[in-house]
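Colleague: What follows is a single structure, and I will ask about it in a moment.
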Amino acid sequence: MNRRDFSHKFRHAALRYEIGMALGCSKIVHIAGGFPAGEWPDISIARKCLVPRLGHGEQAAADLGYQDGDCYFLTPYKNPSTDDEIIFNRQLKRAIMSRHETVNKRFEHFRVLGTRQFRHSREQHILFFTAVAMLVQLTLQHEPL
């Protein structure tokens, strides 16, 4: 196994994907991926694939892993010290994290993406991921979050 493919989270080779959701509605607006998990952290994928798609002054709401000093990501305060910062963190978490976790669970229903019995090339994996994203989007239209 190539070390760049190794996912420390799963303890085996994996591919990393990025899913972007629109706030305020149940819509997937961005997918990217098929990157080797060991070589590509989330922030690097976002810089390569998401940031170029953002409009002038537009930000993506994200978790602490996306803090980078640039103004592309609206992230929680690392060590909130005021009531306003604590409230902001709570509201941001409520707005994006619960929504994203629900969408991730819908992706996980399609076990084909993670099963070891179904072996295929990276190119095929990306195609399957894209197809699953489309199916999840269709379910979101009929069963919104």
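Colleague: Taking θ as phi - 60°, what are the ³J(HN,Hα) couplings along the range 42-54 by the Karplus curve (6.51, -1.76, 1.60), each to the nearest whole Hz, with x for Gly and Pro?
Modeller: Whole-Hz 3J(HN,Hα) from phi for the range 42-54: 3, 5, 5, 5, 4, 5, 6, 10, 8, 3, x, 8, 6.
Colleague: On full extension of the chain, what length is gained from L54 through D83, given 0.36 nm per residue of separation minus the C-alpha to C-alpha distance?
Modeller: 7.4 nm is the gain from fully extending L54 to D83.
Colleague: Could you provide, to the nearest whole Å², the per residue accessible area of the range 61-140 with probe 1.4 Å?
Modeller: Per-residue value: 71 Å².
Colleague: Rank by packing, highest mean first: peptides 35-41, 99-105, with packing defined as the count of other Cβ atoms within 10 Å averaged across residues.
Modeller: Taking the mean over residues of other Cβ atoms within 10 Å, the ranking is 35-41, 99-105.
Colleague: What are the extents of the Cα atoms of the range 36-145 along their three principal axes, listed from largest to smallest and rounded to whole Å?
Modeller: 50, 33, 28
Colleague: May I pose another question? Please give the contour-minus-distance gain from H120 to F107: 0.36 nm per residue of separation, less the Cα-Cα distance, rounded to one decimal in nm.
Modeller: Taking H120 through F107 to full extension adds about 2.9 nm, to one decimal.
Colleague: Can you give the FRET efficiency to the nearest 0.05 for D70 and D42, using r as the Cβ-Cβ distance and R₀ = 22 Å?
Modeller: So the FRET efficiency works out to roughly 0.90.
Colleague: Let me ask you something else. How much of the accessible area of the range 51-145, probe 1.4 Å, is carbon plus sulfur, in whole percent?
Modeller: 54
Colleague: Can you list the residues, at least 5 places off or on another chain, whose amide H is less than 5 Å from the amide H of G20, using H built in the peptide plane?
Modeller: Residues meeting the amide H criterion: V29, H30, I31.
The values are calculated or read from the model by the stated rules, or taken from the named source; none is laboratory data. Predicted, not measured: the structure shown is a model, and the values here were computed from it. Virtual Cβ from ideal backbone geometry, glycine too; neighbours counted across all protein chains shown. Ligands, DNA and RNA are stripped out before the accessible areas are found, and what is left, the full protein with its side chains, is counted by its heavy atoms. Shrake-Rupley method; radii C 1.70, N 1.55, O 1.52, S 1.80 Å.
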